[in-house]
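The structure appears below as C-alpha cells.
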Amino acid sequence: MRLALDENAKRRLTERVEISVAVDFLISRGFRPDDIPAQLVKFYYVDIDLLNAVLIEDRILSAPLPAADDAWKQVA
C-alpha cells in the first residue's frame, strides 16, 4: 500500500539565507520585527534561534549611525 503524501506539511526554514529572505519579505510588507516569528511559524517549521539571530542582526544593521560628535566623545 502506498503512503499518501501529506500536502499540508510545513516546509522547513533552517538556513540563514532562507530566513533572511523571509524576514526581508515580511518587513517589506509592513510587518513589525516582533510579529515576524508568529507569522513564520504559522506556515513553516522555523529554527527559532537562527531567526532571533537574524532579527537582532537586522536591528543592528538598520539602526541609525551616531553623529560624528557623539562618536568622538565616546572615544575621548
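The set of residues in the stretch 6-46 being aliphatic (A, V, I, L, M) and surrounded by 11 or more Cβ atoms within 10 Å (Cβ to Cβ) consists of LEU13, ILE19, VAL21, ALA22, VAL23, LEU26, ILE27, ILE36, LEU40, VAL41, VAL46. Go through the stretch 8-35 and report how many residues are among the acidic types (Asp, Glu) and in contact with a strand residue (DSSP E or B) (Cβ under 9 Å, 6 or more places away or on another chain). Residues in the stretch 8-35 being among the acidic types (Asp, Glu) and in contact with a strand residue (DSSP E or B) (Cβ under 9 Å, 6 or more places away or on another chain): 1 in total.
No value in this document is a laboratory result; all are computed from the given coordinates. Just so you know, these numbers come straight off a predicted model, no measurement behind them. All Cβ positions, even for glycine, are placed from backbone atoms using ideal geometry, and neighbour counts span all protein chains on display.
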